[in-house]
Amino acid sequence: MLKFVFFTVLLCIFALNAQIGDIPVTRNLLEDQYPVKSYHDFSADQEFDDTAYQEKVHSSRSERGTWLAIVDSGLYVSLEIELAVWTQDLEREERNVIILSWTGTSYIDLKTVISDYYDSDNILGVFLLGNLPVFWFELWEDWDADGVQGESEYWVEFPMDQYFADLDGIWSDLDNDGVYDLHDGDMAAELAISRLRADNLSYAGEEVQILSNWFERNHLYRNGVLTDSDIALGYIDDDWSYWADEYENALLMNYSEVEMVSEINNTTAYDYRENRWNGTYEWIQVHVHSGPDAHYFYQNNGSMYQLVHNNEILPCNPNAMFYNLFCCSNARFTQDNSMGSLYVLGNEHGMASIGSTKTGSMLDFENFYGPLGDGEVMGEALRMWWNDTMVEYESGEYQQCYRSWFYGMALTGDPTLLTEYEPVSEKGDVDYNSEIEAYDASMILRYCVGIYPGITAPLPWGAARTFFADVDNDQQVSSYDAALILQYFVGIINQFPQDGE
């Protein structure tokens, strides 16, 4: 019996790694023409700045855990109200929040502070907001899992946020060139990690405005005002169509309805841009050769390819909220106007994206969608995927292949987001206590005369509260809304006007 189990395990391991060696790797097909920004390029653009930080918010009332947000100090001043509303939303979900404003370029100092808060407050994860320090790693690629660097297997360098999530692993820069090349020891991630940077997204607009717009979407979504479709799209270009059923089964772990497009002549640049971006999908998982700035879709039986460019996202305004990008270096946030960032910030609907900062992507998708479907927030689901996938195979002879695939994985957006929210209130219930009362009308009147302006309000007036207060549906909050609520409260009316009538 033991012998049978032993050989069964060997066969499973052999099949798994034979499969990973057969999976075509994502490539930037025009890398010579559109190269990625190297560490040398990145560091040449950076001006050293000493580290300084200040704790702005520290809530500790909930037992559901604490999340740390570290915000570029220049952004904090401009987004103080948005961050106050975000904090209130998390506290309503019984999550604690710590917010730091940060100045400085040292990734070592940044990790030290993160580690200190892990020790003192047992934080669950970190949200990096703005142009904050970046850690770079380098490795040689082993796509065929033979343990040897062969042809088309390059020595590559890339930004890697996992450094901030693995607090007790061994990280070293053996050749002292500023790019680390050793990761050893306990490699499990203690923390969820995500980043949102907008200062290098000229295609999306001005940094503060696009972040403010994103925070408003975040707030409306968490409060159940923005509706979602619970439909996911798997859009699988030619090289990965063989595994479409596997991808579909993984997506079904989080979505009740999944549409798969994987026939090799159906996945085209035109169809993806014109028919899928304007579809009703909440989540899009797209597999296609890419660079940071474009997708390369094969067509005509793979004899040619056509592009979807990063500068098409803003005018096309895709409807999806979430993206899993099986797309070479699409999430390389150090690159100007990277698609992973523009999918989140360069349109009116994006919330978060997952992708890689290098060649490679997610595999073993069930280890991500399973936790997500069980109600884990996005950052925690990705942390669990890392520990169940990367760490699981790290000790084996195929470790360099898995590192080649997974070391660039990054989450762009809010790590505390779920993919399902119920409305927190109803029209007229402005204080969210499940009752429509005279106090709701008084809140509106005080808001109208500015007694509780912005951040000084005990209950900040975010976009969701405005939605529930606007009972006449005329897209503004006025004393007339208060009057209607009072009429409803005393029984003069039994419903509110619809569509401004």
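The numbers here are math on the coordinates, done by the rules we state, and not lab data. Here the structure is a predicted model, which means the values were calculated and not measured. Counting neighbours? That spans all protein chains shown, and the Cβs are built from the backbone with ideal geometry, glycine included.
Couple of notes before you dig in:
- Cleavage-rule hits, GluC sites (Glu not before Pro), segment 238-295, DSSP coil, Cβ neighbours within 10 Å at most 12: GLU263
- Per-residue HN-Hα couplings for segment 48-60 [Karplus 6.51, -1.76, 1.60; θ = phi - 60°; Hz; x = Gly/Pro]: 4, 9, 5, 7, 8, 8, 9, 6, 9, 9, 8, 9, 8
- Exposed loop sites are taken as trypsin sites (Lys or Arg not before Pro) in a DSSP loop (any state but H, G, I, E or B) with at most 13 other beta carbon atoms within 10 Å; the longest stretch of the chain without one runs 65-501.
- Of the residues TYR369, ASN218, SER229, the one whose Cα sits farthest towards the positive end of the charge dipole of segment 206-413 is ASN218 (charges of +1 on Lys and Arg Cβ, -1 on Asp and Glu Cβ, taken about the Cα centre).
- Amide H to amide H distances under 5 Å link ALA192 with GLY125, VAL126, where only residues 5 or more positions off or on other chains count and H is placed in the peptide plane.
- Proxy reagent accessibility, fewest Cβ within 10 Å first, across HIS289, HIS295, HIS219, HIS349: HIS349, HIS219, HIS289, HIS295
- Antiparallel DSSP beta bridges within the chain, percent to nearest 5: 45 percent
- Our coupling estimate for segment 421-430, obtained by passing each phi through the Karplus curve with A = 6.51, B = -1.76, C = 1.60 and θ = phi - 60°, is 9, 9, x, 7, 7, 9, 4, x, 8, 7 Hz, Gly and Pro reported as x.
- When you restrict to C-alpha pairs under 8 Å that are six or more residues apart and normalise by the size of the chain, the relative contact order lands at 15 percent.
- Long-range HN-HN contacts of LEU100 with modeled amide H, under 5 Å: LYS56, ALA69, ILE70, VAL71
- Amide H contacts under 5 Å for MET260, placed H, 5+ residues apart: GLY234
- Per-residue [θ]222 nm for the chain (sum of -39500 (n - 2.57) over DSSP H runs n ≥ 4, rounded to 500): -9500 deg cm²/dmol
- Look at CYS327, CYS401 and count the other Cβ atoms within 10 Å of each Cβ; fewest to most, that gives CYS401, CYS327.
- The charge dipole of the chain, taken about its Cα centre with unit charges on the Cβ of Lys, Arg, Asp and Glu (plus for the first two, minus for the last two), comes to roughly 760 debye.
- The loop-placed GluC sites (Glu not before Pro) in segment 108-154, going by DSSP, that have at most 13 neighbouring Cβ atoms within 10 Å of their Cβ come out as GLU151.
- Extreme residue, positive dipole direction of the chain, given options LEU417, LEU124, PHE326 (C-beta unit charges): LEU417
- Rounded to whole Hz, the Karplus (6.51, -1.76, 1.60) HN-Hα couplings of segment 237-242, x for glycine and proline: 6, 3, 5, 10, 5, 4
- Over the chain, the hull volume per residue, using the convex hull of the C-alpha atoms, is 172 Å³.
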